[in-house]
1. Touching a Gly at 6+ places or on another chain (Cβ under 7 Å), open to solvent by less than 20 Å² (accessible area, probe 1.4 Å) and of a type outside the set (Val, Ile, Thr): is that true of residue 93 in this structure?
2. Inside region 54-74, can you point out the residues that are surrounded by 11 or more Cβ atoms within 10 Å (Cβ to Cβ) and hydrophobic (A, V, I, L, M, F, W, C)?
Amino acid sequence: GVIPKDKANDWCVLVGVFFLFHGIEKLGWLASSEALVGRFDEFVTGATPLNRWYLDRLGPGLPVFARLTVLGELGAVLALVAGFWTRLTAGLALVMVLNFHLATGAIFRFDFLTDASGLPLLGALAALAMAGGRLPWGLDT
C-alpha cells in the first residue's frame, strides 16, 4: 500500500482532529449562513479569473453549503477516527478541501504549497483515500 496500515490509523486520527477543530469553529453556520456569506464576499473581492466563474455558481447555494460544510467536517471526524468507510470519507474530504481552496483562489497561489491545510492535507487525504481501507482497528475491516 501507499502507507503502512498502522501509520494510516495515526493519520486518520490526526486528520480527524484537524477537521474536528474546523467543524467546531463553524458550528454557528448550522443556525445562520451569514458568516459564510461574509467570507464569500472576501473570496469574490480577491478572486482571480480562474476561480471567479466557480464563485459565481456557488453564490446561490451558500445557505445550503454553510450547513453541508459543518456536517461534512464533523462527519469526517467521526468516520476517520472510528475507521468507518475510511477510503470514501477521505475521498469526500479531499473534494471538500479542494472545493474550499478553489473557492478562495488559494490553490492558484505559491503559498498554497506550504499552507498546512493545502498540499500537506490534500496529500494525507489522498493517501488515506488510496490505502485507508481495512485498517487494524477500524470499523470497516
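1. Working: touching a Gly at 6+ places or on another chain (Cβ under 7 Å): no; open to solvent by less than 20 Å² (accessible area, probe 1.4 Å): yes; of a type outside the set (Val, Ile, Thr): yes.
Answer is no for this residue.
2. Within region 54-74, the first condition is being surrounded by 11 or more Cβ atoms within 10 Å (Cβ to Cβ), and the residues that meet it are 54-56, 58-59, 61-63, 65-74.
Across region 54-74, the qualifying residues are 55, 58, 62, 65, 66, 68, 70, 71, 74.
Here's the yes/no breakdown for (1) in contact with a Lys or Arg (Cβ under 6 Å, 6 or more places away or on another chain); (2) hydroxyl-bearing (Ser, Thr, Tyr); (3) within 21 Å of residue 33 (Cβ to Cβ):
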residue: 56; (1), (2), (3): no, no, yes
residue: 61; (1), (2), (3): no, no, yes
residue: 70; (1), (2), (3): yes, no, yes
residue: 76; (1), (2), (3): no, no, yes
residue: 91; (1), (2), (3): no, no, no
residue: 96; (1), (2), (3): no, no, yes
residue: 105; (1), (2), (3): no, no, yes
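The values are calculated or read from the model by the stated rules, or taken from the named source; none is laboratory data. No experiment lies behind these values; they were computed from the predicted model shown. Using ideal geometry, Cβ is built from the backbone for each residue, glycine included, and neighbour counts are taken over all protein chains shown. The accessibility values were calculated without ligands, DNA or RNA, using every heavy atom of the protein model including side chains. Shrake-Rupley method; radii C 1.70, N 1.55, O 1.52, S 1.80 Å.
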